[in-house]
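A short write-up of the structure that comes next.
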Protein chains: 2
Amino acid sequence: MSAEPHASTHSTQKCVGVWRGSERVAGLDPADRGLAYGDGVFETLLAHAGSLPWWPRHRARWMHGAQRLGIAFPQDSLLEQALSDALQWQPNGVIKLVLTRGAGGRGYTPGAALPTLVVSVSERPKTALPALSIDVLRCNLAEQPVLAGIKHLNRLEQVLGSIEAKERGLDDGLMATSNGHITCSTRANVFACIEGQWRTPPVDRAGVAGTARGVLMDQWPELTVAPLTHGDLQRVEALFLANAVRGILPVGRLGARDVDAEHTGIGLARALLADSHSGFRET
Amino acid sequence: MSAEPHASTHSTQKCVGVWRGSERVAGLDPADRGLAYGDGVFETLLAHAGSLPWWPRHRARWMHGAQRLGIAFPQDSLLEQALSDALQWQPNGVIKLVLTRGAGGRGYTPGAALPTLVVSVSERPKTALPALSIDVLRCNLAEQPVLAGIKHLNRLEQVLGSIEAKERGLDDGLMATSNGHITCSTRANVFACIEGQWRTPPVDRAGVAGTARGVLMDQWPELTVAPLTHGDLQRVEALFLANAVRGILPVGRLGARDVDAEHTGIGLARALLADSHSGFRET
């Protein structure tokens, strides 16, 4: 383990280390393409009792995103060392992994840069929240199949959506494509029950293929992947959000009406995540 | 003027300085939201004989972008000092200004962070290129009116477009929205002559409102803003690209056919930029 992680002055996030290729470096190059263009992919993982729930799923999505962008993926030995460092500093919390194409190239065209890896940790957010109050946001998601599903660093839509949700006093907001397909919340996948049938929207034109979503899709045969329109929302009986850090987040209020935050399907989804990893037993 | 700018190890770009709010800092915080989410706006300016062509236009677009994202704009005194430093290191070249929301906030929701300013310089790219060979790229632009026109840091589409252009042996590529509207090249605005009439596509749904484009729109009454479809491209007699660093770039080949790179309209556009600032006399 190396020196104590550097605390960001204005953030709860602490940097565990920065690597250029396989070499540990002192800090981030201001010419890094991650800053210049959002040219990279990231993962946000729960750390629980020194272990990483669903690490193979996170790694697979991260690697798939890197391949989609043509960024070399770090060696396993480097990742193991970096994650070991991170877990020693934050055995219970959140680990963030950012992989960028590195610094170099003329303008948008990449050069032969070594990729950059940034590993940081932060505290686990409060769990056991009350049921969320959400609504559909005015801020839409653009449809871009080439980037859909992966967790790339171009996240301005989510930032603007989060600002809108906060301004409107919402706990989170649902984001729709301009074609009216509700795709996800600003920071989680969405699951809706209509006429007794649970569904989660596809993420092949916008949104992120969440790891919690992947676990639920694998473990819950009755869950289907199906579009969710504005019209469908009027018929929703129950709704929850899910992501890899906060687990299952029941929704109690959707726009102007109440929805059933105690629905049996929400309990089932919680049980499935808890069965999948002990880190989700408390949520 | 401060210490000599730090040369990025794997880039021709040199960092002149990084500021957090009005305070000069040693480097970039790895938790900066510019890296995490592309949460910021940038400008790339020509420096010519110690002056900055079209600085008021660049500043206006940059400020407009910052306002759109809700990021505080730097004080003029700070900008003047930073630009003065940059011009001393690179009186003839390219200056890049990146403004981000800084580090902080929980996830996508911004906190009360001070914005980050990163100023860097690089050499001027070669001018007097031969006429470009371009084609329409397979990589589309997503339509996102909230972000269209401004020069934000979410540039993965341009990166992927540049990679495609390079792989196909093109000098640059035209990018269309999924609705088939040719909007810009990966790094410049596009101007096309059809039946003797010059037009440039609107940038209200995708693309960047270029400064060279703004100069031409103001100085060239016959230039109209009008959509450019795939079908229109079949009828194009002449075509050029323009941006604030390279000026006017005539196109000689569009897909499988030759276009008139010596068209009088291209000469006129060159003369208009040269009249606007001496930095564009050589192009």
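The values are calculated or read from the model by the stated rules, or taken from the named source; none is laboratory data. Here the structure is a predicted model, which means the values were calculated and not measured. Here Cβ is always computed from backbone atoms with ideal geometry, including for glycine, and neighbour counts include all displayed protein chains. Calculation scope for accessible area: heavy atoms of the full protein, side chains included, ligands and nucleic acids excluded. Shrake-Rupley method; radii C 1.70, N 1.55, O 1.52, S 1.80 Å.
Here are the numbers for this structure:
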quantity: Unique residue being buried (at least 23 other Cβ atoms within 10 Å of the Cβ) and over 28 Å from A:Met63 (Cβ atoms) when the list is A:Leu228, A:Leu156; calculated: A:Leu228
quantity: Qualifying residue in the range A:173-181 (condition: over 30 Å from A:Val121 (Cα atoms), among the polar types (S, T, N, Q) and at pLDDT 95 or above); calculated: yes
quantity: In the range A:159-173, residue surrounded by the fewest Cβ atoms within 10 Å (Cβ to Cβ) [restricted to those that are closer than 19 Å to B:Ala36 by Cα and aliphatic (A, V, I, L, M)]; calculated: A:Ile163
quantity: Of all residues making up the range A:84-123, the number that are within 19 Å of A:Val25 (Cβ to Cβ), open to solvent by 30 Å² or more (accessible area, probe 1.4 Å) and of a type in the set (D, E, K, R); calculated: 0
quantity: Matching residues in the range A:44-68 - criterion: being away from every other protein chain (no Cβ under 11 Å) and either buried (at least 21 other Cβ atoms within 10 Å of the Cβ) or basic (Lys, Arg) (or both); calculated: A:Leu45, A:Leu46, A:Ala47, A:Pro53, A:Trp54, A:Arg57, A:His58, A:Arg59, A:Arg61, A:Trp62, A:Ala66
quantity: Check on B:Val41, assigned to a strand (DSSP E or B) and more than 8 Å from every other protein chain (Cβ to nearest Cβ); calculated: yes
quantity: Residue within the range A:246-256 that is modelled with pLDDT of 95 or more, within 14 Å of chain B (Cβ to nearest Cβ) and in contact with a strand residue (DSSP E or B) (Cβ under 6 Å, 6 or more places away or on another chain) present; calculated: yes
quantity: Yes/no for A:Ile194 being surrounded by fewer than 23 Cβ atoms within 10 Å (Cβ to Cβ) and either within 14 Å of chain B (Cβ to nearest Cβ) or touching a Pro at 6+ places or on another chain (Cβ under 6 Å) (or both); calculated: no
quantity: Count - residues of the range B:124-143 that are more than 7 Å from chain A (Cβ to nearest Cβ), buried (at least 21 other Cβ atoms within 10 Å of the Cβ), in a loop (DSSP other than H, G, I, E, B) and among the aliphatic types (A, V, I, L, M); calculated: 1
quantity: B:Glu80 being among the charged types (D, E, K, R), touching a His at 6+ places or on another chain (Cβ under 6 Å) and modelled with pLDDT of 95 or more; calculated: no
quantity: Filter result for B:Val98 (touching a Phe, Trp or Tyr at 6+ places or on another chain (Cβ under 6 Å) and more than 7 Å from every other protein chain (Cβ to nearest Cβ)); calculated: no
quantity: Long-range neighbours under 9 Å by Cβ, at least six apart or interchain, first residue more than 7 Å from chain A (Cβ to nearest Cβ) and closer than 19 Å to B:Thr211 by Cα within the range B:144-169, second open to solvent by less than 40 Å² (accessible area, probe 1.4 Å) and among the hydroxyl-bearing types (Ser, Thr, Tyr); calculated: B:Ala148/B:Thr183; B:Lys151/B:Thr44
quantity: Condition met for B:Arg235 (under 17 Å from B:Pro145 (Cα atoms) and open to solvent by 20 Å² or more (accessible area, probe 1.4 Å)); calculated: no
quantity: Residue check for A:Gly102: touching a His at 6+ places or on another chain (Cβ under 7 Å) and of a type outside the set (A, V, I, L, M); calculated: yes
quantity: Checking B:Gly17 against (1) within 14 Å of another protein chain (Cβ to nearest Cβ); (2) over 13 Å from B:Ala82 (Cα atoms); (3) assigned to a strand (DSSP E or B); (4) among the small types (Gly, Ala, Ser), the condition it does not meet; calculated: (2)
quantity: Strands (runs of 3 or more DSSP E) completely within the range B:184-283 that count 2 or more residues being hydrophobic (A, V, I, L, M, F, W, C); calculated: B:189-194, B:236-243, B:247-254
quantity: Hey, A:Gln75 within 13 Å of A:Pro115 (Cα to Cα), open to solvent by 20 Å² or more (accessible area, probe 1.4 Å) and under 19 Å from the mean Cα position of the chain (by Cα) or not; calculated: no
quantity: Cross-chain or 6+ apart pairs with Cβ under 8 Å, the range A:174-197 first and under 20 Å from A:Asn243 (Cα atoms), then of a type in the set (Asp, Glu) and assigned to a strand (DSSP E or B); calculated: A:Leu174/A:Asp135; A:Ser185/A:Asp172; A:Thr186/A:Asp172; A:Arg187/A:Asp172; A:Ala188/A:Asp172; A:Cys193/A:Glu237
quantity: Qualifying residue in the range A:197-204 (condition: within 30 Å of B:Lys151 (Cβ to Cβ) and modelled with pLDDT of 95 or more); calculated: yes
quantity: Hits in the range A:86-123 - residues which are touching a Pro at 6+ places or on another chain (Cβ under 8 Å), in a strand (DSSP E or B) and of a type outside the set (A, V, I, L, M); calculated: A:Thr100, A:Arg106, A:Ser120
quantity: Residue count for the range B:261-279, restricted to those that are open to solvent by 20 Å² or more (accessible area, probe 1.4 Å), farther than 23 Å from B:Asn92 by Cα and in contact (Cβ under 8 Å) with a residue 40 or more places away in the chain; calculated: 3
